[in-house]
Structures are given as C-alpha cells and as structure tokens.
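Down below is the structure, laid out as structure tokens.
Nothing in this text is a laboratory measurement; each read-out follows from the coordinates by a stated rule. Bear in mind the structure is a predicted one, so any value in this text is a computation, not a measurement. Note that each Cβ is placed from the backbone with ideal geometry, even for glycine, and that neighbours are counted across all protein chains shown.
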Amino acid sequence: MVRQRLVVSSLLAFVLFGVAAIVTAQSEHQASPVTYEVSTDQQTLLPLEPVFLTFSLTNRTASAVPARFDISLERTAIAVRGPGGGVVESDRLSMASAGMWDGLRNSVLEPGGGRTTRERLMINLDSFFPTAGTYRVTFKVLDRLSQAPLSSNLVLIRIVEPEGIDREAYDYLRQWPHAGSWFQTATQSELEDFLTRFPDSGYSDLARVALGEWVFAELEYQRASEIFSVVAQKGRSRLSEHAAERLQLIREAARAARR
C-alpha cells in the first residue's frame, strides 16, 4: 500500500512538473509584447533568385512599448532547414538595403502599431538554398536589453530546377566564385555580357536591375531610365516595383539637374 502511494505520488509529481514546464514555456514564448512576422509574395523561385521579404514588428498589447529590439539588418539571424533536414544558420544577415530599422531604435510602438519594411535576401543564396526543394526559413532578432531572441513565423521557400535557357544561365552563374551573391557583386561589364548571352532567361531582369544601378550611380540618367523601364513595365512584381521606384528617382534627379 505504501509502495502504491509512492508510485502515485511520483506520477503526480511528474505530471505537475510537466504541466509547469509547459506553462513556463508558453509564458516565455508570450513574454514579448511585440510580434515579429516575416512574409514573402513569391514562394517559388529559381536557384540564385533573391527572396523578397516583408518584415513586420507589431505591438499586440493595449499599452505603448519601447521598440528596443536590435533588428538592424546586420543583426538579423536566419535559420534555413533544407529538404534533407540539414540546417544552415547565420547570426548576422546583411541584405540589399541598409538601415531599415534605424529610425526604430529609440522609438515607441503605440498599441496596435508597428513598423513594416520590405527587403531582398540576395547574399549567399547558394549556401542557404543549394538544391531544388522546399526550405523552411525563420528569422530572429534580439531584445537590446535582455538579449532574449524574438523569433519570426515560419516562411516556406520552394526552389525549382531550371530548364532550357534558365539552366544555361544558371550553369554560367555557378562558374563564378560568388555565385550566391553574383547579382550583388558583378561589375557593369559582367552584367552587360550576361544580358548578351541570356537576354530572355528568368535571371535577365535581375541583371537589368543590377546594371541599371551601376548606370544610375554614374549619373547616366537616360540610359538608366531605358534599362529600368524594361523591368518596370512587365507587371506587378517586387522587382518591377523596385525598377519603378528607381525611375521616379531618376525623374527627380533629372529635374534637380535642370534647375
């Protein structure tokens, strides 16, 4: 009888410990007053295509809270689980644009308020997404005071095998030392050569936008406008939107130059 009581007591203690652990885990998960959400409007991509992402930080409470999360691009961590189960991680992620959260560092998030920004993941793409298949991606940022991580939701990215001219362009890109960041690191002449070789591939608009950036930086507004216009008129995509934004900057720069 005593032994039975000891067994029942031990089982009860184990169950209570398990319940306490679950409650603690839930409390820790819900401890942050803000949510960090990431989404993409294009889940199916060719290898080495950039991933267009939307980052949102939202105050879900009824009170204003300090925006104390160190979520500058250089301190955004990423974890990518591949089709085979392997995980590739980076604790300092740098994307196409800089300073997306600079204005947020010392600000306050009002109840229900937040910040949203859009970025492109364009570096080390061959390391994060080395083969065709579906990838499970999460991001983390740190609370600047407690150093506790704030995790995003899960984002699914599907990489497909390139075919035809896309395969030829992909094989060409793979020959370069930094294939996973090629559209970020290619020179003007390399981009022009790529467009001569593969003018109609699935990668051509990426090359055009990158070339347009070079030409725009050299203040060749007319040529830059022609390059960006090709991409901007192709419809509603994040790359087309980016090209349209550059066209607006060119118009403003041209007006300023005439004054």
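How long are the three semi-axes of the equivalent ellipsoid for region 108-184, computed from the Cα gyration tensor as the root of 5 times each eigenvalue, in whole Å, largest first? Don't skip to the answer; put the middle values down first.
Working: eigenvalues 234, 39, 32 Å².
Working through the eigenvalues yields semi-axes of 34, 14, 13 Å.
Apply 1/(1 + (r/R0)^6) to the Cβ-Cβ distance of residue 256 and residue 37, taking R0 = 35 Å, and write down the FRET efficiency to the nearest 0.05. Walk me through the intermediate numbers first.
Working: r = 38 Å, r/R0 = 1.07.
Efficiency, rounded to the nearest 0.05: 0.40.
Each label point is 7 Å from the Cα along the Cα-to-Cβ direction; what then is the distance between the points at residue 44 and residue 160, in nm?
Output for this residue pair reads 0.4 nm.
Testing the spin-label approximation: label points 7 Å from Cα along Cα→Cβ at residue 185 and residue 116. State their distance in nm.
3.5 nm
Determine the distance separating the Cα centre of region 145-209 from the Cα centre of region 240-259; give it in Å without decimals.
Centre-to-centre (Cα) distance: 25 Å.
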